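The structure appears right after this line, and notes come after that.
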């Protein structure tokens with residue numbers, strides 16, 4: 001794997017994991033695609049930016065937990081960015097509280113989930129969801145986190161832009 005992971009903070013850092021943790025979780029997800037090359041940016045945003053991006057790219061006028069923006073390079077371009085993931089800190093904090101989850105575990109899940117979208121995984125169909133959630137479970141277990149879907153009736157994530 002030859003992927004550089006950069007982290008940007010555009011929201012207060014209180015309650016937000018350190019860049020080192022965000023990178024480690026992204027790299028764990030990238031390990032599911034050993035031939036991945038390029039760059040991934042993890043951007044932590046506030047509610048206003050999260051809402052603006054979700055409105056612009058998904059037509060939903062509210063902030064969401066994680067958005068993935070895969071980069072589709074022109075033919076022949078090597079080592080292009082894989083893309084960006086945007087995580088809305090206030091939404092992730094609210095979800096962790098509401099779902100009774102450890103905040104770090106929920107952050108790790110959002111990072112892994114976002115990176116898997118960059119790698120081409122999705123959950124639009126039941127079959128796709130089974131594959132993607134299985135990968136999430138295995139990656140998070142290797143990182144020492146519990147199954148994010150174990151006691152969940154609904155989804156803790158939404159479909160990001162493609």
Notebook entry, point to check: Given Cα pairs under 8 Å that are at least 6 residues apart, what percent is the relative contact order of the chain?
Noted result: 24 percent
Next item on the list: When a/c is below 1.5 the answer is rounded, else prolate if a/b is larger than b/c, else oblate, so apply that to the stretch 1-81 with a ≥ b ≥ c taken from the square roots of the Cα gyration tensor eigenvalues.
Entry: oblate
Check: For the residue pair residue 46 and residue 150, what label-to-label distance in nm results when each label sits 7 Å from Cα along the Cα-to-beta-carbon direction?
Finding: 3.6 nm
Margin query: Using the basic label-point model (7 angstrom from Cα toward the beta carbon), what is the residue 61 to residue 104 distance in nanometres?
Written below: 4.0 nm
Next item on the list: Along Cα→Cβ, 7 Å out, is where each label goes; now give me the distance between the ones at residue 18 and residue 79 in nm to one decimal.
Entry: 2.9 nm
Next item on the list: Determine the calculated [θ] at 222 nm for the chain from helices alone, applying -39500 (n - 2.57) to every DSSP H run no shorter than 4 residues and normalising by the residue count; nearest 500 deg cm²/dmol.
Entry: -13500 deg cm²/dmol
Notebook entry, point to check: Running Debye on the chain with equal point scatterers at the Cα sites and no solvent, what base-10 log of I(q)/I(0) appears at q = 0.13, 0.17 Å⁻¹?
Noted result: -0.56, -1.00
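Quick check on the stretch 2-142: of the DSSP beta bridges with both residues there, what percent are antiparallel, nearest 5%? Present the calculation step by step, with values, prior to reporting the outcome.
Working: 5 of 20 bridges.
Counting DSSP beta bridges with both partners in the stretch 2-142, the antiparallel share is about 25 percent.
Throughout, read-outs are computed from the coordinates displayed, never taken from laboratory work. Only a predicted model underlies this, so the values are computations on that prediction, with no experimental measurement involved. In this analysis, Cβ positions are derived from the backbone assuming ideal geometry, glycine residues included, and neighbour counts consider all displayed protein chains.
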